[in-house]
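To start, the structure itself, in structure tokens.
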Amino acid sequence: MLVPRVWSSVRQGLSRGLSRNVGGWASGEGRKVDIAGIYPPVTTPFTATAEVDYGKLKENLHKLGTFPFKGAVGGVCALANVLGAQVCQLEQLCLTGQWEDAQKLQHRLIEPNTAVTQRFGIPGLKKTMDWLGYYGGPCRAPLQELSPAEEEALRMDFTNNGWL
């Protein structure tokens, strides 16, 4: 597979401290390459049943977090299906350097995001979409609808942060 070989060569290059000359790459000569502005792609891993493997995704993100990259582009955007304007507002606050307001908004989004990506998954996302006036629709097999207790817990995740 190409991806492991590419990342393997990137890791080797990072450990050697990539350097180059005007005339091309040279070992130990020239100026160092600054990789601080490089944003590595992160693909979504899936299980054998074609569901998002959130455990593997979390593991991959943790591994990438050890690389000396500046940050990442994109995200797991299930929450954008129900709080799209707020997710876009968070991006705008970051782009304009309003870090304190961005942090406050992000803290209000964490619990609902966890609810629809990890805790209750697709059934929780669909239920929340229905509550907020979108069409979430029924779950396809083998997924089950939320139980009344799960539905109440999901409602609290959104109510506690002022979204419902």
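The values are calculated or read from the model by the stated rules, or taken from the named source; none is laboratory data. None of the values given here were measured: they were computed from a predicted structure. Here the Cβ positions follow ideal geometry from the backbone for every residue, glycine too, while neighbour counts run over all protein chains shown. Ligands, DNA and RNA are excluded from the accessible area calculation, which covers all protein heavy atoms including side chains. Shrake-Rupley method; radii C 1.70, N 1.55, O 1.52, S 1.80 Å.
Couple of notes before you dig in:
- A Cα-only calculation for the stretch 79-160 places Rg and Dmax at 13.9, 44 Å.
- Nonpolar atom fraction for the stretch 87-164, defined as the carbon and sulfur part of the 1.4 Å probe accessible area, stands at 54 percent.
- Taking 0.36 nm per residue of sequence separation and removing the Cα-Cα distance, the Leu143/Gln103 pair yields an extension gain of 11.0 nm.
- Placing a label point 7 Å from the Cα of Asn160 along the Cα-to-Cβ direction, the residues of the stretch 94-124 whose backbone N falls under 14 Å from that point are 107-116, 119-120.
- Here each label is just a point 7 Å from Cα along the line to Cβ, and for Thr49 and Leu132 those points are 2.6 nm apart.
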